[in-house]
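The values are calculated or read from the model by the stated rules, or taken from the named source; none is laboratory data. The shown structure was predicted, so the numbers you read here are calculated from the model rather than taken from an experiment. Cβ sites come from the backbone with ideal geometry, for glycine too, and all protein chains shown count toward neighbours.
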Amino acid sequence: MKINFTKKQMQHLIRIGEAGSWLINSHRDDEIKEYEEINQYILESAYKMGLEEVIYDKGLAKYFLTPGVEEEMTDLAQEYDDYTFFEELPTHLAKRDYAREENTRNDNQESYLSRIFELEEKYVEEFMENGLENLEIKKK
């Protein structure tokens, strides 16, 4: 099968490939090679198409995005990380608080979710108003 891309579409595709590869492999010591291979294939195709956003390193025998595009992708990844951090933190704290509530441990699923939502809201409001300013680690 062959798929034809315009230059503009390929510019978007290399960013999507990089984002996907980053999401899957950035946190691993041993990357999942199949995803990096696909990303390399996309980058190679873009390079052969003449996209200036892709460079080839002969010493490493690998394709890379230019530093400017890398910076763009890093900014997008940081935006994603910031968003997910503040989405996940209230949930984790709410589940911790729920586990500490002895009288609600045997709730049914609906009651459990309702209580988690209540606890989350407390943290969401706090973080929206003050960010992490009031978050502290308390040692026992």
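With respect to being among the aromatic types (Phe, Trp, Tyr), crowded, with 16+ Cβ neighbours inside 10 Å, farther than 22 Å from Asp81 by Cβ and in contact (Cβ under 8 Å) with a residue 12 or more places away in the chain, Tyr35 falls outside the description.
Taken over segment 1-25, the criterion of being polar (S, T, N, Q) and free of Cβ contacts under 8 Å to residues at least 24 places away in the same chain is satisfied by Asn4, Thr6, Gln9, Ser21, Asn25.
Reported count of residues in segment 18-30, each being part of a loop (DSSP other than H, G, I, E, B) and either in contact with a Pro (Cβ under 9 Å, 6 or more places away or on another chain) or surrounded by 14 or more Cβ atoms within 10 Å (Cβ to Cβ) (or both), is 0.
Residue pairs whose Cβ atoms lie under 6 Å apart, separated by 6 or more positions or on different chains, with the first residue in segment 86-105 and within 20 Å of Glu126 (Cα to Cα) and the second outside any helix (DSSP H, G or I) and at pLDDT 90 or above, do not occur. Part of a helix (DSSP H, G or I), loosely packed, with under 14 Cβ neighbours inside 10 Å and acidic (Asp, Glu), is that true of Glu79? It is true that Glu79 is part of a helix (DSSP H, G or I), loosely packed, with under 14 Cβ neighbours inside 10 Å and acidic (Asp, Glu). When only residues in segment 82-109 that are modelled with pLDDT under 90 and not polar (S, T, N, Q) count, which is surrounded by the fewest Cβ atoms within 10 Å (Cβ to Cβ)? Applying the filter and picking the extreme gives Glu102.
In a residue-by-residue description of segment 48-67, the property of being touching a strand residue (DSSP E or B) at 6+ places or on another chain (Cβ under 6 Å), touching a residue at least 24 places away in the same chain (Cβ under 8 Å), closer than 30 Å to Asn4 by Cα and assigned to a helix (DSSP H, G or I) applies to no position. Candidates in segment 36-86 are the residues that are under 14 Å from the mean Cα position of the chain (by Cα) and of a type in the set (A, V, I, L, M); of these, the one that is nearest to Lys8 (Cα to Cα) is Met73. Report whether or not Tyr35 is in contact with a strand residue (DSSP E or B) (Cβ under 9 Å, 6 or more places away or on another chain) and of a type in the set (Phe, Trp, Tyr). In short, no.
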